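Comments concern the structure below.
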Amino acid sequence: GAGVSQTPSNKVTEKGKYVELRCDPISGHTALYWYRQSLGQGPEFLIYFQGTGAADDSGLPNDRFFAVRPEGSVSTLKIQRTERGDSAVYLCASGRAGETQYFGPGTRLLVL
Amino acid sequence: RKEVEQDPGPFNVPEGATVAFNCTYSNSASQSFFWYRQDCRKEPKLLMSVYSSGNEDGRFTAQLNRASQYISLLIRDSKLSDSATYLCVVNIRGRGSTLGRLYFGRGTQLTVWP
């Protein structure tokens, strides 16, 4: 079946701009996670959703980062006033509660 | 201190070799343990779960030592296709939630040469 999909696959933006990254989880997966991976590092947790609500957003680095999942399926990660340090691969994962997390291909964000 | 510590390598081994990776984790509340594999510019994919009793999947054997908070992965008879980054991962119960968040090590890079 279809896996986790993420769009866009690549995003180049200028410092100070606003970006939105989209994640389509595997159908039927109630849990959705966002991670960020910098070069040479493992993925770092940002936020996860159980259904429509953010069950844990303690990984968001600051208030420029926000994520929503209004209908309990697709999620959007929003970054305001982007900074060069936000450049990374943003990974989305989904799973059934408490079970294996399946990752999407990621969005490569480059902030110039 | 990072939740999961891993030697980044790189490990460069010939085909057929046996190679072992190790990692340590700092949070004794960690509940579940995994090895993920990540190919260059691709997403992480679950390789195998890790249990205290040890588990084997073909050429791959994983082991967990809860007392030492130590996780290992052994790859026997290495193949060229094993070249990848291997990520040590633990699952820690989230604050006020029944679900766990994953904590990744930085990964160990393996290159198998012919």
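If exposed trypsin sites (Lys or Arg not before Pro) are those in a DSSP loop with at most 15 other Cβ within 10 Å, what is the longest stretch of chain B that has none? After excluding every exposed loop site, the longest remaining stretch is B:3-40. Counting Cβ atoms of other protein chains within 10 Å of each Cβ in A:36-45 and taking the mean gives 6. Taking every pair of alpha-carbon atoms in the protein assembly as shown, give the share separated by more than 28 Å as a whole percent. Distances greater than 28 Å cover 31 percent of the Cα pairs. Lacking any other cysteine beta-carbon closer than 4.7 Å, the following Cys residues of chain B have no compatible partner: B:Cys40. Here the dipole of the protein assembly as shown is about 420 debye; that uses its Cα centre as origin and unit charges on the Cβ of Lys and Arg (positive) and Asp and Glu (negative). Ranking A:Ala97, A:Leu77, A:Ser87 by Cα position along the charge dipole of chain A, where only Lys, Arg, Asp and Glu carry charges on their C-beta atoms, puts A:Ser87 farthest toward the positive end. For chain A, the convex hull drawn through the C-alpha positions has a volume of 94 cubic angstrom per residue. Count Lys and Arg as plus one, Asp and Glu as minus one, and take only other residues whose Cβ is under 9 Å from that of B:Val112; the net charge is then -1.
Using Cβ contacts closer than 10 Å as the measure, can you line up A:Cys92, B:Cys23, B:Cys40 from fewest to most?
If I rank by nearby Cβ atoms, fewest first, I get B:Cys40, B:Cys23, A:Cys92.
The amide H of A:Ala88, built 1.01 Å from its N in the peptide plane, has A:Leu109 as neighbours under 5 Å, considering only residues 5 or more places off or on other chains. Cα-based values for region B:27-114, radius of gyration first and Dmax second, are 13.8, 50 Å. The distance from the alpha carbon centre of region A:31-79 to that of region B:1-74 is 25 Å, rounded to a whole number.
Bear in mind that the values in this text are calculations on the coordinates, not laboratory data. Note that this is a predicted model, so its numbers are computed, not measured. Virtual Cβ from ideal backbone geometry, glycine too; neighbours counted across all protein chains shown.
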